[in-house]
1. When the Debye formula is applied to the Cα atoms of the range 169-294, each taken as the same point scatterer, what base-10 log of I(q)/I(0) results at q = 0.15 Å⁻¹?
2. Using the Cα atoms as the points, what is the convex hull volume per residue of the range 178-240 in Å³?
3. For residue 195 and residue 224, what is the calculated FRET efficiency with R₀ set at 22 Å and r taken between the beta-carbons, to the nearest 0.05?
4. Separation of the range 304-377 and the range 113-137 by C-alpha centroid, Å?
5. For a quick check of your reading of the filter: which GluC sites (Glu not before Pro) in the range 239-328 sit in a DSSP loop and have no more than 16 other Cβ atoms within 10 Å?
6. If you add up the charges near residue 232, with Lys and Arg at +1 and Asp and Glu at -1, over every other residue whose beta carbon is less than 15 angstrom from its beta carbon, what do you get?
7. Compare the peptides 362-372, 99-109 by average per-residue count of other Cβ atoms within 10 angstrom and give them in order, highest first.
8. Taking a ≥ b ≥ c as the square roots of the eigenvalues of the Cα gyration tensor of the range 247-377, is the shape rounded (a/c under 1.5), prolate (a/b larger than b/c) or oblate?
Amino acid sequence: MFREGLLAHKFLNLNNLPKLTVPCVLVHLLNNKIKPYKTHGSAVYNTNSYKEEGITQKMSTPNFLLSNGKNMPMVGLGTWRSPPEVITQAVKDAIDIGYRHFDCAHIYGNEAQVGAALREKMEEGIVTRESLFITSKLWNTYHKPELVRGACETSLRNLEVNYLDLYLMHWPMAYKSGDNLYPTCPDTNKAVFEDIDYVDTWRAMEELVDEGLVHAIGVSNFNEQQINRLLGVAKLKPVVLQIECHPYLRQKSLITLCYDNAIAVTAYSSLGSGHTPYEKPGAYPLLQHPTILAIAEKYGRTPAQVLLRYQTQSGIIVIPRSVTMHHMSDNFKRIWDFELAIDDTKAIDDLDCNGRFMTMKAAYGHPHHPFEPGQSQ
């Protein structure tokens with residue numbers, strides 16, 4: 001396990017682990033002689049979080065203690081590329097399974113449908129707003145400081161909530177301002193840029209916290225240089241960094257930087273983004289890699305469960321996307337009652353090839369592009 005994983009375990013909240021067995025996260029803490037962060041106290045298990053003798057009860061996941069003192073569930077439901085016509089039912093099903101963390105964004109085009117599901121479940125009394133952790137993201141065409149609040153309020157209206165638990169700057173680069181979400185130059189097919197510094201955008205996001213519209217702010221798709229620059233000037237430092245992260249793209253140095261500065265890390269595309277229309281790194285689709293298949297067979301798990309356990313065992317929050325009850329349940333419930341051996345994590349580590357699915361080539365040439373080839377990382 002990398003150093004960043006050991007640092008992350010200081011912030012894991014063990015108070016809502018399932019009661020089936022001694023939780024793997026706790027076992028890992030003990031094995032590494034690292035005690036839970038003192039704020040958490042001793043581990044207390046949720047007695048309403050397991051299935052026994054045919055009695056089905058809700059199962060919860062560990063939380064990550066964020067630097068603002070709030071808890072973030074370590075498994076959330078990703079909503080990117082989930083069709084609006086199916087996402088409402090998917091979110092309702094997810095809540096019934098036990099999900100409380102939902103990762104959303106204005107650019108996904110389905111926040112209103114997610115909001116309809118949240119409202120229905122709150123009206124039914126299944127969940128309260130306080131029991132949910134809802135993330136949304138500021139899109140690139142709203143980076144002008146005077147547009148930030150309006151963009152946030154649009155997400156609040158669509159999601160039918162009066163605050164967000166987390167609001168992320170989706171990318172560091174600004175596009176031409178306005179409601180055309182993909183302003184494109186007809187001659188080059190490249191995005192039309194606007195000269196707006198992400199630091200100025202960040203300062204406008206800080207005001208959202210002051211005004212109570214969001215509880216925490218963070219960034220997505222930032223590189224090390226950009227994180228360091230933001231840390232040097234921010235009044236409120238980022239609470240979370242969301243990045244592409246999987247065995248083909250481990251991002252060790254970036255993750256270590258985050259944990260050194262008490263920034264939680266959320267991984268997207270943790271299962272390899274097999275249906276992405278963008279890049280396809282690696283010799284195999286990640287879920288079909290022989291190493292992953294062999295480890296899955298060893299533990300009697302699916303490849304997806306191995307990949308999710310690989311991340312969460314290092315303290316990384318995951319947001320796998322699914323709209324089917326079976327996959328959502330497997331992703332949520334069957335990754336906490338086993339632990340990958342050191343040899344197996346090392347074998348998965350060795351798959352790293354700096355292979356990125358999401359390259360955002362349409363924005364190549366932007367001075368703030370986070371990982372354009374040849375740019376400083």
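Quick note: the coordinates plus some simple rules give every number you see, no bench work behind them. Only a predicted model underlies this, so the values are computations on that prediction, with no experimental measurement involved. A quick note on method: Cβ atoms are made from the backbone with ideal geometry, for glycine too, and the neighbour counts reach across all protein chains shown.
1. Debye output, listed in q order: -0.88.
2. Numbers: hull volume 7.3 nm³, N = 63.
Expressed per residue, the convex hull around the Cα atoms of the range 178-240 is 116 Å³.
3. Once rounded, the FRET efficiency stands at 0.45.
4. The distance from the Cα centre of the range 304-377 to that of the range 113-137 comes to 26 Å.
5. 279
6. So the surrounding residues net to -1.
7. Top of the packing list down: 99-109, 362-372.
8. Prolate, because a/c is 1.5 or more and a/b exceeds b/c.
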